[in-house]
Each structure stands twice: as C-alpha cells, then as structure tokens.
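First up is the structure itself, then whatever we jot down about it.
The values are calculated or read from the model by the stated rules, or taken from the named source; none is laboratory data. Worth saying up front: this structure is predicted, and the values here are computed from it rather than measured. Positions of Cβ are generated from backbone atoms using ideal geometry, with glycine treated the same way; all protein chains shown enter the neighbour counts. For accessibility, only protein heavy atoms count, side chains too; no ligands or nucleic acids. Shrake-Rupley method; radii C 1.70, N 1.55, O 1.52, S 1.80 Å.
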Amino acid sequence: MNRAVQLRTPRPTPVRLEDARSIGALLVGSRSAETRRSYASAMRTFTAWCQERGYPTIPTGPEVVASYIAHRSRQVTHSTISRDVAAISAAHLDEGLDDPTAHHGVRRALRSVGRALGTSPSRRATPLTTALMRQIIDAMGDLETATGKRDRAILLLGLAAAQRRSEIAALTTNDISRQDAGLLLRIRRSKTDQTGRGDLIGIPLGTHPETCPVLALEAWLEASRRKLGDGSPLFSRIYNHSRIADTALSGRSIARIIRARAAAARINGQDYTHIAGVAQTWVSGHSLRAGHATSAAEEGVDPMTISRTTRHRRLDSLAHYVRPASALEDSTAGKIGL
C-alpha cells in the first residue's frame with residue numbers, strides 16, 4: 001500500500017528572552033549603520049505616500065510598489081528608486097513576509113525607469129586632487145592651532161590612503177604604526193568589507209613637508225597628546241578650539257570638515273561637472289577617495305595598481321575617476337592615422 005507523505009513545517013520553538021535579544025542584535029548588525037539609516041529614510045517616504053492614497057505599507061502588493069516606482073520616476077534618480085525598492089524588500093523579508101518587489105511586473109517597471117532616466121549617476125563627488133589639496137592647505141590660516149593640525153591630518157591622511165569618511169572616523173591609534181619610510185595604516189572594516197577582513201595601506205613620507213601626511217599626523221598626535229598604540233580615537237572633537245575631547249568624530253563630522261575647508265579655499269566642485277559628464281558635482285566626504293584615484297590616474301598609474309590602495313573590488317567603479325583623468329592618454333584615436 002502506498003503511503004502519502006505529508007510535509008509539515010515545524011512549529012517555532014520558544015526561546016528565552018536573552019536569547020531572543022541576542023538574535024535581534026545579530027540581525028540588526030547584518031546591515032551597516034549607514035544602510036539602516038538609508039532604508040529607514042526610504043521607508044518613511046514610502047509610508048507617507050501610501051498613507052496619502054490609503055494603500056497598505058507592510059504588507060503591500062506588487063501593484064502598489066510598481067505605482068510607487070512610477071511616482072518616484074518623476075522626482076528622483078534611478079539609483080534612489082533602486083534604493084527605495086531594496087528598502088521595501090528588506091522591510092518585508094525582515095517581517096517574514098512575501099517580497100512584493102520580486103514580482104516580474106515590479107522588475108519590469110524598474111528596468112523601464114532605468115531606460116528612461118539612465119542608470120549613471122547625475123551627481124558625483126568632486127575629486128580633491130593633490131593640486132586642490134595644496135590650495136586647501138595654503139588657505140588654512142590656523143595650522144598652529146589644534147583644530148588646524150587635526151583637520152590637516154584628516155585631509156592628508158584621507159587623501160593618501162583613499163579613505164571614505166566612515167573609515168577615517170573609525171581609525172584609532174592602534175590602527176597605525178610608524179615605519180622608517182612612512183606609515184602602515186590598517187582599515188579594519190569598510191563599505192566593501194563588512195566582515196572585517198581588513199586592509200593594510202602604506203603611506204610613504206611626502207615630498208613636500210606642508211602636504212606630507214606623515215608629518216601632519218605626527219603634529220596632530222603631539223597636539224592631542226596621543227601616542228600610537230594607546231587605543232584612543234585618532235580624530236576627536238575639539239571644544240572652544242583648545243579642549244580636545246576623547247569622543248571620536250563621526251563620519252558626518254569628517255564630511256563637514258572636508259566641505260568647510262574646501263569652501264574656505266573657494267573650491268566648490270563646479271569646474272569638474274563638465275569634465276565628469278554629470279549634472280552636478282559637489283565636495284563631500286567621498287572627495288578625498290575620489291581625489292586619490294584621479295590624482296594617481298593623472299600621473300599615469302595603471303588602474304590595477306590604483307585599486308590596491310583604493311580597495312576597489314570592481315575596476316568599473318574605479319573607472320569613473322580614472323577615465324576623465326586619462327581619457328586622452330588611453331585613447332587610440334591618435335593611433336589610427338587621422
């Protein structure tokens with residue numbers, strides 16, 4: 001006699017409160033703080049739109065998501081809409097609900113928006129190249145103060161190591177060791193290294209004392225009375241231009257410092273807009289990283305070598321900075337006998 005086999009989903013096993021909290025902490029940590037903030041912002045906008053129309057937010061249906069994509073296509077870029085869709089997907093999956101964004105119609109709507117709007121970014125961070133950095137340092141009239149020494153070290157170290165703002169903010173004195181020829185800097189975790197594998201970056205002594213990242217860092221360490229290896233945050237807040245706190249600067253504070261110092265040197269990024277082929281460029285926390293890639297390309301360094309310092313996992317991402325800087329040198333148009 002044939003026996004029917006019935007598949008059953010096992011009932012969830014109750015766990016202790018402290019174990020449930022541990023699970024929750026692990027799940028929260030699966031996304032970076034920046035991603036959580038970005039998704040939360042996207043869901044607030046989506047929720048407000050749904051409430052205006054009387055649509056359900058969570059759970060919602062693919063027809064609602066497709067309608068939202070059409071609505072947002074009149075306001076924002078394709079990358080922002082893709083972020084919105086990812087946030088809606090994550091919100092449903094986190095609640096154990098079916099993902100409405102996986103529907104074929106939603107994916108078609110997203111592809112259609114990509115064709116209509118284009119998928120290339122309409123804005124890009126202005127690269128703060130070596131030439132622009134000299135302009136910024138020359139405009140700093142407070143280099144003898146603690147604030148001036150800190151900011152110069154932030155700018156030069158960030159440019160030399162091609163760092164993101166979050167990476168600069170996360171540095172401690174344990175992450176840097178002094179060598180005869182310069183510094184070794186360890187980046188413990190980054191946007192493309194969420195599991196903390198880490199990267200080691202070499203920073204040689206600079207040719208010019210005023211823009212040498214090693215000398216700039218040593219001046220800041222002396223002013224802050226910190227020593228390499230003592231475990232302190234490398235860059236911290238300063239109150240009343242003199243009292244140096246133990247609290248580390250945030251990534252947003254790093255970005256504000258970069259923008260303020262560039263603005264004081266009359267650098268606004270608009271000159272780069274036409275070269276980059278985008279609608280708008282602006283100085284941001286990403287400008288130091290972009291500046292390293294652009295400056296290295298202008299000096300003829302090949303992309304593979306640049307990527308070892310910038311830690312780009314994909315060369316097509318690096319090409320956004322390398323191509324404008326080396327387009328003429330790399331072109332074969334001058335080699336076809338025109």
Here the residues within the range 223-247 that are under 19 Å from Gly158 (Cα atoms), under 26 Å from the mean Cα position of the chain (by Cα) and of a type in the set (Gly, Ala, Ser) are Ser232, Ser236
Under 7 Å by Cβ, and 6 or more places apart or on different chains, what pairs join a residue from the range 286-297 that is open to solvent by less than 10 Å² (accessible area, probe 1.4 Å) with one that is at pLDDT 90 or above and charged (D, E, K, R)?
Arg289/Arg164
Open to solvent by 20 Å² or more (accessible area, probe 1.4 Å) and under 17 Å from Asp151 (Cα atoms): which single residue out of Thr173, Thr211 fits that description?
Thr211
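Within the range 94-102, can one find any residue that is under 30 Å from Glu167 (Cα atoms), without any contact (Cβ under 8 Å) to a residue 40 or more places away in the chain, open to solvent by 40 Å² or more (accessible area, probe 1.4 Å) and out of contact with any Ser or Thr (no Cβ under 8 Å at 6 or more places or on another chain)?
Here is the first cut: in the range 94-102, the ones under 30 Å from Glu167 (Cα atoms) are 94.
From what's left, without any contact (Cβ under 8 Å) to a residue 40 or more places away in the chain: none.
Checked the range 94-102: no residue is under 30 Å from Glu167 (Cα atoms), without any contact (Cβ under 8 Å) to a residue 40 or more places away in the chain, open to solvent by 40 Å² or more (accessible area, probe 1.4 Å) and out of contact with any Ser or Thr (no Cβ under 8 Å at 6 or more places or on another chain).
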Which residues, counting only those in the range 78-89, are touching a Lys or Arg at 6+ places or on another chain (Cβ under 8 Å) and in contact (Cβ under 8 Å) with a residue 12 or more places away in the chain?
Ile81, Asp84
Test result for His320, at pLDDT 85 or above and surrounded by 15 or more Cβ atoms within 10 Å (Cβ to Cβ):
no
Check Ser250 against each of (1) farther than 17 Å from Leu156 by Cα; (2) open to solvent by 90 Å² or more (accessible area, probe 1.4 Å) and name the one condition it does not meet.
(2)
Taking the range 77-93, which residues are assigned to a helix (DSSP H, G or I), under 24 Å from Ala116 (Cβ atoms) and open to solvent by less than 60 Å² (accessible area, probe 1.4 Å)?
His78, Thr80, Ile81, Ser82, Asp84, Val85, Ala86, Ala87, Ile88, Ser89
Qualifying residue in the range 267-277 (condition: open to solvent by less than 50 Å² (accessible area, probe 1.4 Å), at pLDDT 85 or above and not β-branched (Val, Ile, Thr))
no
